[in-house]
Amino acid sequence: MSGFLAVLVIVLIFIVIFQIAKASEYVSILKGEKKARQQSNRINGFLLIAFLVLGLIGVYYCNNLLKGKILGESASVQGEGVDTLIYVTLAITGVVFIGTQILLFWFAFKYQEKEGRKAFYFPHNNKLEVIWTVIPAIALTVLVAFGLKHWFQLTSDAPKDAAIVEITGKQFNWLIRYPGKDGQLGRRDFKKIDEAASNPLGMDWEDQLGKDDFMATEVHLVVGKPVKFIIGSRDVIHDVGLPQFRMKMDAVPGIPTTLWFTPKFTTKQMKEKTGNPDFTYEISCDQMCGSGHYSMRGVIVVETQEEYDAWVAKQPLQYSLAHPAAAPAEAPKADSTQKTVAANIR
């Protein structure tokens, strides 16, 4: 019944619009088509100016209302440059947008059809075309150059004292692995993946470097210490989104990607800065990856070195979980001075 009523309402709306159009046509015939058109242009001209003024007021109001609800200060050192680039881009495009919109609406009002006015035929002007082609090209080139500078910085080799965290996406959660005290991740082989045998990443237990690796359900980082993320996927394309740190990187099956950054604030400090006792750094999947995409949310905890060391000491080795009957391997020990070595992934 509700569907029938909805269709009926839509039909009635079309009938009303049709009747209004017919009435306008009859009025135009009675008044004279030219006079009716000029009157309509005047009305539309004033409405355009009103729309422009109300629109600019609305933009200003919404900016003041919502500016406190954006992400706020970057939580990573490298993210500061990304924020600066965003603000510069918004400033340039904002000035251009407002300027062009004012001109657009003002010209529609000022140069409406009037008695005695004839449109000027202006087919071509080389000078104008050079100006509106070269200036935007230069501005965009500068913005792209600064963007590439930050991109190359984030994807370059991490500092030698950087920690290593491996993040692997799968439908529909993140698998997080840490190296042990040797600072090196063990070798992996996708043919060895076995969830039932506590080997979701396909770790090769014949590789001695992997026997002190451990996995966790959340990422723990040390404040003020660089960290290198080695990112991959076990099935489809995912995307590691770190909004508070201003970082983002695709997780591609068979092609490890990397990025690195330095956290500025602990989770506790961010709770105080935001006034939100439930604040958490999060990992979001910024790539539609299937029906359970919404559940691809991970948690990052940024803490002091002492807190991190205490957390690491409680983590069981993945080798021990996969081989409970074997003699347990040496427990992981946090080492803030360990050198990072790229993971061997095949």
Original post:
Pulled fully out, how much extra length does the chain show between L143 and T257, if you take 0.36 nm times their separation in residues and subtract their Cα-Cα distance?
Top reply: 38.6 nm
Original post:
So how far, in whole Å, is the C-alpha centre of the range 84-135 from the one of the range 263-318?
Top reply: 47 Å
**OP:** Heavy atoms only, probe 1.4 Å: what % of the accessible area of the range 159-235 goes to carbon and sulfur, would you let me know?
**Re:** 48 percent
Subject >> Efficiency of FRET between D83 and F190 - r from beta-carbon atoms, R0 51 angstrom, step 0.05 >> reply: 0.85
Original post:
Just for the range 163-322, what percent of DSSP beta bridges are antiparallel, to the closest 5?
Top reply: 70 percent
Subject >> Rg/Rh for the chain, where both radii come from Cα atoms and Rh is the Kirkwood radius >> reply: 1.18
Original post:
What nm value, rounded to one decimal, do you get for the distance between T155 and Q38 when each label is placed 7 Å out toward the C-beta?
Top reply: 6.2 nm
Original post:
So how much slack lies between E115 and D235, counting 0.36 nm per residue of separation and subtracting their Cα-Cα distance, in nm?
Top reply: 36.3 nm
**OP:** Set the Förster distance to 56 Å, then compute FRET efficiency between K314 and V96 from the Cβ-Cβ distance, nearest 0.05.
**Re:** 0.55
Subject >> Estimated inter-spin distance, I20 and K271, nm [label 7 Å along Cα→Cβ] >> reply: 5.6 nm
**OP:** Compute the signed sum of charges (Lys and Arg +1, Asp and Glu -1) over the other residues within less than 9 Å, Cβ to Cβ, of V299.
**Re:** -1
**OP:** Mind scanning K181/K314; K248/K268; K248/K314; K160/K228; K191/K228 and naming the pairs with a C-alpha gap bigger than 19 Å?
**Re:** K248/K268; K248/K314; K191/K228
**OP:** Classify the range 67-150 as rounded, prolate or oblate from the Cα gyration tensor: take a ≥ b ≥ c as the square roots of its eigenvalues, call it rounded if a/c is under 1.5, otherwise prolate when a/b beats b/c and oblate if not.
**Re:** oblate
Subject >> the range 167-305 - accessible surface per residue (Å², probe 1.4 Å) >> reply: 41 Å²
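The values are calculated or read from the model by the stated rules, or taken from the named source; none is laboratory data. If you're wondering where the values come from, they're calculated on a predicted model, not measured in any experiment. A quick note on method: Cβ atoms are made from the backbone with ideal geometry, for glycine too, and the neighbour counts reach across all protein chains shown. Surface areas here come from the heavy atoms of the whole protein model, side chains and all, with no ligands, DNA or RNA. Shrake-Rupley method; radii C 1.70, N 1.55, O 1.52, S 1.80 Å.
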